[in-house]
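J.: Shown below is the structure under consideration.
Please treat every number below as a calculation from the coordinates, not as lab data. Source: prediction; values computed, not measured. Neighbour counts run over all protein chains shown; Cβ positions are idealised from the backbone, glycine included.
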Amino acid sequence: MANIQPYHPFNDLLSLRDATNRLFEATFPRSLQQFVKNGGDLDLYETANGYDVHIPIPGAKPEEVDITILNDAVTVRWERAPKPPEESKNLHRGIQYGVFQEQFTLPVEINAEAAGASFRDGILSIHLPKAEQSKSRKIRVSTQESAEDKSL
């Protein structure tokens, strides 16, 4: 007796998705991959002096947001807890609650001392100034003769 298997067109789509993911991972830099893997719920802008990041965090309290900067890595962590009406029964929960975190790496070091953040209309805005690069300095080369001439 022959074993006949039903055709599932979604299996072909899953293979296509895996191939697309491999192509995407090979094409984009790691920091951009991380945005997409984490849901990409942020906007990142580069300015002449630094970076501006906007992250939607509705329902979170600004004083409970934790922002950590270490060299070129930024971590933003916050918690959102449900606030149901008193004596109510939950019929459906479509809003996500819990501890959330966005983590990304920028292409240059950040000046953590000058960084700042604000919160308005459920959007966290973070300004991350670039660290000043070490300034170049010209060094004059002298020979022993010129050093001896000066001492005479």
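J.: Give the order of 93, 140 when sorted by the count of other beta carbons within 10 angstrom, beginning with the fewest. Numbers along the way, then the final one.
T.: Numbers: 93 9, 140 4.
Exposure proxy ranking, most exposed first: 140, 93.
J.: Let me ask you something else. Expressed in nm to one decimal, what extension gain is obtained for the pair residue 99 and residue 143 from 0.36 nm per residue of sequence separation less their Cα-Cα distance? Write down the numbers at each step before the final one.
T.: Working: separation 44, 0.36 × 44 = 15.84 nm, distance 6.47 nm.
Gain on extension, residue 99 to residue 143, equals 9.4 nm.
J.: Additional query: Please order 75, 143 by the number of other Cβ within 10 Å, starting at the fewest. The partial results should precede the final answer.
T.: Details: 75 13, 143 8.
Ordered by Cβ neighbours within 10 Å, fewest first: 143, 75.
J.: Here's another thing I want to ask about it. Listing 128, 44 from the residue with the fewest other Cβ atoms within 10 Å to the one with the most, what is the order?
T.: Working: 128 26, 44 18.
Neighbour counts put them in this order, fewest first: 44, 128.
J.: Hey, rough spin-label estimate for residue 123 and residue 111, points 7 angstrom out along Cα→Cβ, what's it come to in nanometres?
T.: Simple spin-label model gives 2.5 nm for this pair.
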